[in-house]
Each structure stands twice: as structure tokens, then as C-alpha cells.
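The values are calculated or read from the model by the stated rules, or taken from the named source; none is laboratory data. Bear in mind that the values here come from a model prediction, so they are computed numbers and not experimental data. Every residue, glycine among them, receives a Cβ derived from its backbone with ideal geometry; neighbour counts consider all protein chains shown.
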Amino acid sequence: MSTTKSIVITGASSGIGAALAHAFAGDGHRLFVCARRTDRLAKVTEVHPATFAAGCDVTSETEVERFFAQVRERTPSVDVLIHCAAVMGPIGLVTDVASEEWLEALKTDLFGAFLVTKHVVPLMRTENRPRILLLSGGGAFDPMPNLSAYGVAKAGIVRLAETLAVELAPRNIAVNVFAPGFVKTDIFSTVIDAGRERGGLLYDTVIELINQWQDSDIELPINCARFLISDAAAALTGKTISARYDPWDAPEFVECLQEIVDSKLYATQRTNTEHLKGQAFADRLADAARKRKPGHAVTHPLAARQNKAE
């Protein structure tokens, strides 16, 4: 596989999307970037004239189709999609936020991921082991009070990626979730503007993280993304990798790559009594489950495959 890749980055006008665009263009890759704010997007192409940039609202299928038609005119195939486009969404208790704003956040953060994936796949060639990276974060792993739309969307992205990893396996496309951790970007201005009354503990957390942020901190998520699109990570698919908490940069990670793929590590799962063996309350519940009458349990169509992987 060629070390130079054709990479599509959405949401490349600011934040982690812009940082990845600058990094990958600097690495010599051929970039195709898009965002709604074309004025900011132009700053990327000013620094990297070979980068193709176009305005695109990822919630509009018409605009997404048009963008990928433009990409198709300029490259025979796409090797990597990195979907960064996202909004924070409304901040406040679920009883207080505007319903329309809540839905709009899901359309950008989750439906947008679906649309760009749907329309990039036809441009990917099986022999190149294409990669799709969808960005997620803290909202996917823990409850996010006062930021429910963002949290729900990010959790949905994880399950979408895991599903796509199975669906697109026959096409040899790897699909993973990239969790960059906190990155000081404009998106958090929404939280700051909301204030502590609406933001609650989220507001305090963001203020603390911003105060701790150093410009050099961006290198860690950039290097993690570099790894995820590299030949070394070619076997990895269906996983959520945290740039800050997972040992992706350790030799052991690559050595165990197939075992990771075959396991439930770094994946969404419901914890059941089998995972908590030895804890008294869990053992009692396991006994109760065994005593249930036949017919209660329904076998999921993928259960056999999942059990075999374990």
C-alpha cells in the first residue's frame, strides 16, 4: 500500500479537524476537506494549496453528494475518511432545552456521520484497505448531564461504527472510532457562554480543562490518528480507541491486534453477570437467571459469531 493516501476530512475549518488537516497535509497526503464555514476553511488551503476544499453541510444529502462528486473528479479513490464535523448542541436540562436544537445536534453529529460514510464508500477500493474514522468522545462512555444531545449522538456514533465494521468487512474497509480527548477548540465556547447555571458541573470541567491545556497537547491525538490510518493498524476495525487512555503507541498493542479485534475490548457492550463473577450480588442474579423458565432468552442473530470471538 502506498504511504501517500487520499484523505477526506469533514469539519476541517477548525478544532481537531483543522489540526488533522494541517498535520496530514504536512505529511504529504492528498487532502479533500469540507466544512460549513468556508471562510475558515480557506485558511487551510492558504497554507496547503494542494488541498481541495469545499463548503458542505453534512446534514444535507444533496451537499454531501455534491462534495463527493467533486472528490471523485479529482482522485480515482479515497483511502481514508475522518469525520470531524460536529456541534455541541443545546446546553441545559432536558426539560429546558429547545427540542428543535436537540434534534439539529443529532442531525449534525450522528446523521452527518451516516451520510458521509454512505457516500464515501463507493469511492473506496477494496485492495487499499480503506479506513473510516468517526470521532467520538466522553459523551459515548459516561452520562453527560446538561449536554444530552451531544452525549447521545456520540454514543450512537460508536454503535454505528461497530455496525459498519461488520457491514463493510466484505469490502475490506476498516471502521473505527477515534476519541481524541479534550482539545481546546471553539466548540467549547458554547459551554462557556451557557454559564454555570445551565452548564452545571460540565461548565466547571471545561473551565478546568481549558486552564490546563497546552498547545503541545494536540500532538497526542494527531499521532494517534496517524497510527490508526497506518499500515501497522490495518487489521484494527470495530473499535473505539482513546488517544489519551489506550496504549495504541505501545509495541504490545500491535502485537495483540488480532486478539483485540476478536475480543470485546474497546467496544460497546452491556455488562452482565458473567463479567462480574465472584461479586456476591452478581452471583445471586446469575443463579436467578439460570432458574428462569425456558423461552425467556432470545438468541441474537450475531450471538454465535460474538461468542466464537470470545
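Just one of the numbered conditions (1) buried (at least 24 other Cβ atoms within 10 Å of the Cβ); (2) among the β-branched types (Val, Ile, Thr); (3) in a helix (DSSP H, G or I) is not true of Thr108: (1). Is it the case, given these coordinates, that Ala280 is of a type in the set (A, V, I, L, M, F, W, C), in the same structural domain as Ser148 (by TED's automatic domain parsing) and at pLDDT 80 or above? Here the answer is no, as Ala280 does not meet what is asked. Evaluated against (1) hydroxyl-bearing (Ser, Thr, Tyr); (2) at pLDDT below 95; (3) surrounded by fewer than 16 Cβ atoms within 10 Å (Cβ to Cβ), Thr62 falls short on exactly one condition, (2). Considering Ser99, Ser136, the condition of being modelled with pLDDT under 95 and either in the same structural domain as Leu257 (by TED's automatic domain parsing) or among the charged types (D, E, K, R) (or both) is satisfied by Ser136 alone. For the range 54-68, residues that are in a helix (DSSP H, G or I) and either without any contact (Cβ under 8 Å) to a residue 24 or more places away in the chain or not assigned by TED's automatic domain parsing to the domain that holds Ala113 (or both) total 3. Residue under question is Leu41, and the condition is that it be of a type outside the set (Val, Ile, Thr) and more than 17 Å from Leu134 (Cβ to Cβ); does it hold? Judged against the criteria, Leu41 is a match.
Look through the range 116-165, keep the residues that are part of a helix (DSSP H, G or I) and over 16 Å from the mean Cα position of the chain (by Cα), and return whichever of them is surrounded by the fewest Cβ atoms within 10 Å (Cβ to Cβ). So, considering only residues that are part of a helix (DSSP H, G or I) and over 16 Å from the mean Cα position of the chain (by Cα), the one surrounded by the fewest Cβ atoms within 10 Å (Cβ to Cβ) is Glu127.
Could you look through the range 216-231, keep only residues that are in a helix (DSSP H, G or I) and small (Gly, Ala, Ser), and pick out the one that is surrounded by the most Cβ atoms within 10 Å (Cβ to Cβ)?
Among them, the one singled out is Ala225.
So that you can scan it fast, the table gives a plain yes or no per residue for (1) of a type in the set (A, V, I, L, M); (2) crowded, with 21+ Cβ neighbours inside 10 Å; (3) within 22 Å of Ala179 (Cα to Cα); (4) out of contact with any Gly (no Cβ under 9 Å at 6 or more places or on another chain):
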position: Ala12; (1), (2), (3), (4): yes, yes, yes, yes
position: Gly17; (1), (2), (3), (4): no, yes, yes, no
position: Ala23; (1), (2), (3), (4): yes, no, yes, yes
position: Arg30; (1), (2), (3), (4): no, no, no, yes
position: Arg40; (1), (2), (3), (4): no, no, no, yes
position: Lys43; (1), (2), (3), (4): no, no, no, yes
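Pairing residues of the range 2-18 that are part of a helix (DSSP H, G or I) with residues that are surrounded by fewer than 21 Cβ atoms within 10 Å (Cβ to Cβ) and not β-branched (Val, Ile, Thr), at Cβ distances under 8 Å and at least 6 apart in sequence or on separate chains, gives Gly15/Asp186; Ala18/Arg40; Ala18/Lys43.
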